[in-house]
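Okay, so here's the structure we're looking at.
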Amino acid sequence: MTELVLTGGTVFGAAHADSVAVRKGRIAAIGTAQDARAWTGPGTRVLELEGRTVLPGFQDAHLHPPSGGLAAAQCYLFDAETREQCLDAVAGYAAEHPELEWIAGGGWSIDSFAGGTPSRGDLDAVVPDRPVFLDNRDGHGGWVNSRALELAGVTAATPDPPDGRIEREPSGEPQGTLHEGAMELVARLLPPTTQTEWEEAVLRAQAELHALGITAWQDAAVTAETYPAYLALAERGVLTMRMEGNLLWERGRQNGQLEELVDRRDAAAALGRLRLRGAKIFVDGVLENFTGAVLEPYVGTDNAGLSMHDPDELARMVTALDSHGFQVHMHTIGDRAVREALDALEAARRANGARDARHHLAHVQLVHPDDLPRFAELGVAANVSPYWACRSDYVTVLTEPFIGPERSARMYPFGTLHRAGARLAFGSDWTVSTPNPLLEVEVAVTRAPPDDRGAEPLLPEEGLDLQTALAAFTAGSAWVNFLDDETGTIEPGKLADLAVLDRDVLDQGAGPIGDAKVLLTLAEGEAVYAASELGW
Ligand SMILES: [Zn+2]
């Protein structure tokens with residue numbers, strides 16, 4: 001018996017069809033309205049699409065759901081766009097929470113502050129007595145007040161750690177911004193988040209992302225803290241999202257780490273909708289604070305950024321992970337990081353032979369032209385972050401002047417990668433950026449920000465056509481998630497993980513896709529989100 005029939009709309013990837021039948025959680029058939037009448041029996045629920053679109057559920061191939069869910073419960077600066085708004089939000093949160101020993105949270109944006117580096121003095125003026133630690137929106141920097149620095153014993157005499165940098169005043173005193181690994185100097189003192197808090201955070205993220213049409217995600221950094229929460233939720237059977245997770249390779253730990261990752265992965269093998277098949281490695285930082293690893297130094301400096309691992313060591317780690325069956329997911333921003341990651345994957349293939357490993361590089365902001373064909377050659381996916389590919393302050397103020405015109409002309413080369421045969425997957429990197437796939441797809445196509453659509457596009461020749469962008473966010477990410485056998489396209493036999501949008505997004509006259517809304521999200525045919533106007 002067919003439980004559900006969606007009929008009279010656009011079926012993404014099936015131009016001949018306008019209807020989809022769902023039976024026992026799977027797509028039973030696709031066809032015409034006439035077919036749909038034949039599928040419909042007394043117990044069948046029929047949704048008239050009235051020209052709207054049904055898509056495979058979106059799959060976000062790189063994001064951080066536990067911190068996304070947790071952020072809402074802490075000092076929340078994601079909506080603050082200026083220094084003043086940040087300080088108001090911190091002051092307000094501190095006043096509402098007199099019981100808290102630490103004011104913790106995050107979401108400030110570097111483009112709200114001169115030089116991208118907020119100061120301790122600003123924070124001291126609103127919270128003088130308690131320590132404050134606030135992550136920035138991209139997770140690569142922290143903002144602290146004087147009390148936090150004092151408790152951590154960070155002074156003018158404290159050296160920069162090897163994997164980070166303490167922003168300093170002219171006197172050498174810490175200025176209040178901590179870059180990359182330097183965050184840990186203070187973050188280690190924060191009261192730990194409890195397992196219950198992490199579980200609530202994951203469930204909050206699950207609900208929020210279902211409402212955006214997302215049915216699968218790849219958590220880019222499952223940590224020692226969030227791992228037990230995921231396991232507990234999977235055991236309780238409350239996951240409606242298909243969750244692929246990467247176990248985080250921690251910098252600076254050598255002995256026993258590989259064995260620990262193998263144990264954690266195997267303990268979570270096939271637990272409901274949870275899978276932990278990947279290992280995540282940071283190869284570099286980000287360009288905005290000069291920690292992105294570049295082949296030629298930043299303009300006017302002799303600094304070529306940070307390699308988080310010596311390249312030979314990286315090749316050894318990747319080879320070992322590959323030989324133990326891990327999918328390796330590497331954060332790579334600069335062109336040197338991309339090259340070091342591809343070199344490591346090539347070394348792994350030489351040592352272990354080719355296999356269906358589906359390794360992927362995340363972000364790939366700069367790729368040297370010589371490295372473009374290597375993605376296809378090595379079978380490595382470019383897991384890009386589409387929302388970043390526009391002329392935001394991050395690009396025009398904090399990046400272009402420091403990388404110069406030649407490199408600026410090849411930033412976020414999605415079109416070039418696609419034409420070079422690289423498999424594309426999309427990840428939001430939430431909470432760094434919006435998790436809304438429709439806004440992200442819009443930027444991938446137009447290369448302009450949805451809140452300033454008339455703006456000059458960033459390298460428009462690197463824009464993707466709408467079909468390619470939607471495929472990257474569905475089938476492309478499904479491949480990276482090892483879910484392409486069961487999901488990612490609308491085909492009979494696949495799981496009914498689907499999203500219904502409020503218009504025909506493939507119609508040129510439908511307006512910007514970023515304005516479309518999700519009406520219904522199905523996981524194995526069950527509604528996990530329904531907009532109120534649908535009366536589901
Ligand atoms: Zn990330």
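The values are calculated or read from the model by the stated rules, or taken from the named source; none is laboratory data. It should be emphasised that the depicted structure is a prediction, and the values quoted were computed from it without experimental measurement. Glycine also receives a Cβ, built like all others from the backbone with ideal geometry; neighbour counts cover every protein chain displayed. Note: accessible area is taken over every heavy atom of the protein model, side chains too, but ligands, DNA and RNA are not part of it. Shrake-Rupley method; radii C 1.70, N 1.55, O 1.52, S 1.80 Å.
Data table
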| read-out | value |
| --- | --- |
| Single condition ILE214 does not satisfy, out of (1) touching a Phe, Trp or Tyr at 6+ places or on another chain (Cβ under 8 Å); (2) over 30 Å from ASP502 (Cα atoms) | (2) |
| Residue list for the stretch 126-147, filter: more than 16 Å from the ligand (Cβ to nearest atom) and in a loop (DSSP other than H, G, I, E, B) | VAL127, PRO128, ASP129, ARG130, PRO131, ASN145 |
| Residue count, the stretch 472-494 (criterion: surrounded by fewer than 24 Cβ atoms within 10 Å (Cβ to Cβ) and in contact with a strand residue (DSSP E or B) (Cβ under 9 Å, 6 or more places away or on another chain)) | 11 |
| Complete set of residues in the stretch 284-301 that are among the hydrophobic types (A, V, I, L, M, F, W, C) and under 20 Å from ALA341 (Cα atoms) | VAL286, LEU287, PHE290, ALA293, VAL294, LEU295 |
| Conditions (1) within 16 Å of the ligand (Cβ to nearest atom); (2) more than 30 Å from ILE403 (Cα to Cα); (3) open to solvent by 10 Å² or more (accessible area, probe 1.4 Å); number of the one not met by GLU250 | (2) |
| Residue identified as surrounded by fewer than 17 Cβ atoms within 10 Å (Cβ to Cβ) and either within 16 Å of the ligand (Cβ to nearest atom) or assigned to a loop (DSSP other than H, G, I, E, B) (or both) among LEU189, LEU212, LEU151 | LEU189 |
| Scan of the stretch 1-19 for residues that are over 32 Å from the mean Cα position of the chain (by Cα), among the hydrophobic types (A, V, I, L, M, F, W, C) and open to solvent by 50 Å² or more (accessible area, probe 1.4 Å), ordered by number | MET1 |
| Unique residue being hydroxyl-bearing (Ser, Thr, Tyr), touching a Pro at 6+ places or on another chain (Cβ under 9 Å) and either within 29 Å of TYR230 (Cβ to Cβ) or touching a residue at least 12 places away in the same chain (Cβ under 8 Å) (or both) when the list is SER119, SER146 | SER146 |
| Condition check for ALA354: part of a loop (DSSP other than H, G, I, E, B) and of a type in the set (Gly, Ala, Ser) | yes |
| Residues (surrounded by 15 or more Cβ atoms within 10 Å (Cβ to Cβ) and in a loop (DSSP other than H, G, I, E, B)) located in the stretch 192-209 | THR193 |
| Subset tally (residues that are of a type outside the set (Gly, Ala, Ser), within 16 Å of the ligand (Cβ to nearest atom) and buried (at least 23 other Cβ atoms within 10 Å of the Cβ)) for the stretch 396-436 | 7 |
| Single unsatisfied condition, VAL500 versus (1) outside any loop (DSSP other than H, G, I, E, B); (2) within 21 Å of LYS517 (Cα to Cα); (3) open to solvent by 30 Å² or more (accessible area, probe 1.4 Å) | (3) |
| Every residue from the stretch 306-335 that is of a type in the set (S, T, N, Q), open to solvent by less than 10 Å² (accessible area, probe 1.4 Å) and without any contact (Cβ under 8 Å) to a residue 60 or more places away in the chain | THR332 |
| Single match in ALA269, ALA337, ALA315, ALA279 (criterion: away from the ligand (no atom under 16 Å from the Cβ), aliphatic (A, V, I, L, M) and at pLDDT 95 or above) | ALA315 |
| Residues within the stretch 503-536 that are assigned to a helix (DSSP H, G or I) and under 27 Å from the mean Cα position of the chain (by Cα), tallied | 3 |
| Leading residue by the ranking (nearest to the ligand (Cβ to nearest atom)) among those in the stretch 356-379 that are out of contact with any Asp or Glu (no Cβ under 8 Å at 6 or more places or on another chain) and either among the polar types (S, T, N, Q) or over 18 Å from PHE414 (Cα atoms) (or both) | GLN365 |
| The stretch 159-177, residues that are open to solvent by less than 30 Å² (accessible area, probe 1.4 Å) and part of a strand (DSSP E or B) | GLY164, ILE166, PRO174, GLN175, GLY176, THR177 |
| Given (1) touching a strand residue (DSSP E or B) at 6+ places or on another chain (Cβ under 7 Å); (2) closer than 22 Å to VAL283 by Cα, number of the condition VAL132 does not satisfy | (2) |
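Here's the yes/no breakdown for (1) out of contact with any Ser or Thr (no Cβ under 7 Å at 6 or more places or on another chain); (2) not aliphatic (A, V, I, L, M):
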| position | (1), (2) |
| --- | --- |
| GLY68 | no, yes |
| LEU87 | yes, no |
| GLY92 | yes, yes |
| PRO98 | yes, yes |
| TRP102 | yes, yes |
| PHE113 | yes, yes |
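Each row is one residue, and each column tells you yes or no for (1) of a type outside the set (S, T, N, Q); (2) open to solvent by 60 Å² or more (accessible area, probe 1.4 Å); (3) under 22 Å from THR474 (Cβ atoms).
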| position | (1), (2), (3) |
| --- | --- |
| TYR230 | yes, no, no |
| GLY245 | yes, no, yes |
| ALA267 | yes, yes, no |
| LEU271 | yes, no, no |
| ILE281 | yes, no, no |
